[in-house]
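I have placed the structure first, in the form of structure tokens, so that the comments after it can refer back to it.
The values are calculated or read from the model by the stated rules, or taken from the named source; none is laboratory data. Please read all numbers here as calculations on a predicted model, not as lab measurements. Here Cβ is always computed from backbone atoms with ideal geometry, including for glycine, and neighbour counts include all displayed protein chains.
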Amino acid sequence: MKVSELLEKLQYNVFSKADTDKEITAGYASDLLSDVMGNSSEGNIWVTMQTHKNVVAVAALKELSAVIFTNSNIPSDESIEAANEENVLLLGTSKGTFEVCGEIYNLLESK
Amino acid sequence: MHLEYKVQGGNFSKAGHASGEIKKVLKQLNVNPMVIKRIVVALYEAEVNIVAHAYEGDIIVDIDDSKVHVVLNDSGPGIPSIERAMEKGYSTASPLVREMGFGAGMGLPNIKKNTDELNIKSVVGVGTTVDFINYL
């Protein structure tokens, strides 16, 4: 499923300008950056509460399809700026991590 | 090909910048994507270690037909026990660094897992050298 299709089905806030044509290969949920660095794969959508700029660096290096901030966490201006430069899509929602993982999982499985 | 980058200790806002630059070069050289993915994980972790623990450091990368050789030198506090530092979950990171989602004690194990050869030398009060090779 492409990110654009996910955005049509689940109304997430969009914080950065980036390519939504990327394929979502799976999801990964973690607030530990080394965990994501070591265990996520290219194209994964990353569900997290961490919003600082290093999240953008990890997402760019791992070529993740998007990052979604849960529990109404909002990225800093510095993060948004870096994401625009690095073509990293930053999303957000008021829902918690458990719920977000569930809805994205169901959507990916239904394909 | 020979590349050199400087890394500033404590500057989290630039952490990962050198790793990103090196990744771009490896892509331009058409290095096998699977090899690039492993190098990027090891590089990023080692770069963040300099930012989180040291005062300053540099990254030296040499690429030839058979391998990518990376050396990260820092001036910093050094590692009293490399054996302990290699243990999963062991970390000396500050509470602030942990709050950012670093310092989970996964960095060095990630480096070990994603390199073909790894050598770490450290002198307490002087600094640390992380030297790794990935074969192409």
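Which numbered condition trips up A:Lys22, out of (1) within 14 Å of chain B (Cβ to nearest Cβ); (2) among the charged types (D, E, K, R); (3) in contact (Cβ under 8 Å) with a residue 60 or more places away in the chain?
With respect to (1) within 14 Å of chain B (Cβ to nearest Cβ); (2) among the charged types (D, E, K, R); (3) in contact (Cβ under 8 Å) with a residue 60 or more places away in the chain, A:Lys22 is out only on (1).
Filter the helices (runs of 4 or more DSSP H) completely within segment B:63-127 down to those with at least 1 residues that are more than 14 Å from chain A (Cβ to nearest Cβ) and either surrounded by 15 or more Cβ atoms within 10 Å (Cβ to Cβ) or free of Cβ contacts under 8 Å to residues at least 40 places away in the same chain (or both).
B:82-85, B:95-99
Hey, any hits in segment A:63-78 for a residue that's at pLDDT 95 or above, within 12 Å of the chain's Cα centre (by Cα) and either of a type in the set (Asp, Glu) or surrounded by fewer than 19 Cβ atoms within 10 Å (Cβ to Cβ) (or both)?
Within segment A:63-78 (the criterion being at pLDDT 95 or above, within 12 Å of the chain's Cα centre (by Cα) and either of a type in the set (Asp, Glu) or surrounded by fewer than 19 Cβ atoms within 10 Å (Cβ to Cβ) (or both)), the answer is yes, since at least one residue qualifies.
Which condition number does B:Asn11 fail, the rest of (1) modelled with pLDDT of 95 or more; (2) within 14 Å of chain A (Cβ to nearest Cβ); (3) exposed (fewer than 14 other Cβ atoms within 10 Å of the Cβ) being met?
For B:Asn11, the exception is condition (1).
Filtering segment B:14-43 down to residues that are within 19 Å of A:Ala59 (Cβ to Cβ), more than 9 Å from chain A (Cβ to nearest Cβ) and of a type in the set (A, V, I, L, M), which residue is farthest from the chain's Cα centre (by Cα)?
For segment B:14-43, the residue satisfying everything is B:Leu26.
Go through segment A:28-85 and count every residue that is without any contact (Cβ under 8 Å) to a residue 12 or more places away in the chain and among the small types (Gly, Ala, Ser).
2
Quick one: B:Val51 ticks every box in (1) under 20 Å from B:Ala85 (Cβ atoms); (2) at pLDDT below 95 bar one, so which box is it?
(2)
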